[in-house]
Amino acid sequence: MKLVTKLGLGLAVTSFIVFIGCSKAQPTYSEESLGLRKDNLYNEDKVVPEETHYSKVAPSTGGKTFKRAFQDAPPMIPHDVEGMLPITINNNQCVSCHSPEVAPSLGALPYPNSHMINFRPDTSLAKDGKITKNGKEIDNTSSEKLANVSIKHLNKLSSARFNCTQCHAPQSKGELVGNTFQPDFTDKEGNKKSSWSGSKLTEGLNTLME
């Protein structure tokens, strides 16, 4: 009988403790506190974004270059781009200064060798359904065999690199969001220039099959 009484008392105490723990008020968070702006998530009528201030330094006068954010990161544009965008097939003012043959004389950075390489293999589909890549028949267009990797060196800018602003963008002075990212450069000058050339074009592509 005493054992039953002790067990009953123990269960009662345990239940009471669990009840107290569950009934403790839990902190609540409003929807407005979740975002970076700390404002109404459903109505932006009163939202005033930070004013954008792009560099007004003329391209011809150069400008302080930005350090790369990570190894082989596309460099940011340090000068004014007013009147230069959008880039079209008939108007690309970037290459007039950054092509390797004229960049040194203008004090501009020439686009690297990686921009003068065609990574797009010649792929075709025959009427019988056979797919050829660079003249070789393959099972499918997404073949990951190393033999199907196409690296063709050119003596001019590759058309795949023609739209410069796909990767390069001007920087704006404004309120920044906190960032604790620390780059780990594999090249001693990785924060200044690209090193992606030569053997590095396929180095580290461990998804390719022999």
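For segment 30-87, filtering for residues that are assigned to a loop (DSSP other than H, G, I, E, B), under 23 Å from the mean Cα position of the chain (by Cα) and hydroxyl-bearing (Ser, Thr, Tyr) leaves 3. Of the numbered criteria (1) in a loop (DSSP other than H, G, I, E, B); (2) in contact with a Pro (Cβ under 8 Å, 6 or more places away or on another chain); (3) of a type in the set (S, T, N, Q), the one Asn179 fails is (2).
Considering the conditions (1) loosely packed, with under 13 Cβ neighbours inside 10 Å; (2) in contact with a Cys (Cβ under 7 Å, 6 or more places away or on another chain); (3) of a type in the set (A, V, I, L, M, F, W, C), Ile87 is excluded by exactly one of them, (1). Restricting attention to segment 90-128 and to residues that are part of a strand (DSSP E or B) and within 24 Å of the chain's Cα centre (by Cα), the residue that is nearest to Lys193 (Cα to Cα) turns out to be Ile117. Is it the case that segment 127-139 has a residue that's within 18 Å of His168 (Cβ to Cβ) and surrounded by 15 or more Cβ atoms within 10 Å (Cβ to Cβ)? No, segment 127-139 contains no residue that is within 18 Å of His168 (Cβ to Cβ) and surrounded by 15 or more Cβ atoms within 10 Å (Cβ to Cβ).
Quick note: the coordinates plus some simple rules give every number you see, no bench work behind them. Given the structure is predicted, the values throughout are model-derived calculations rather than measurements. Cβ: placed from backbone, ideal geometry, glycine included. Neighbour counts: every protein chain shown.
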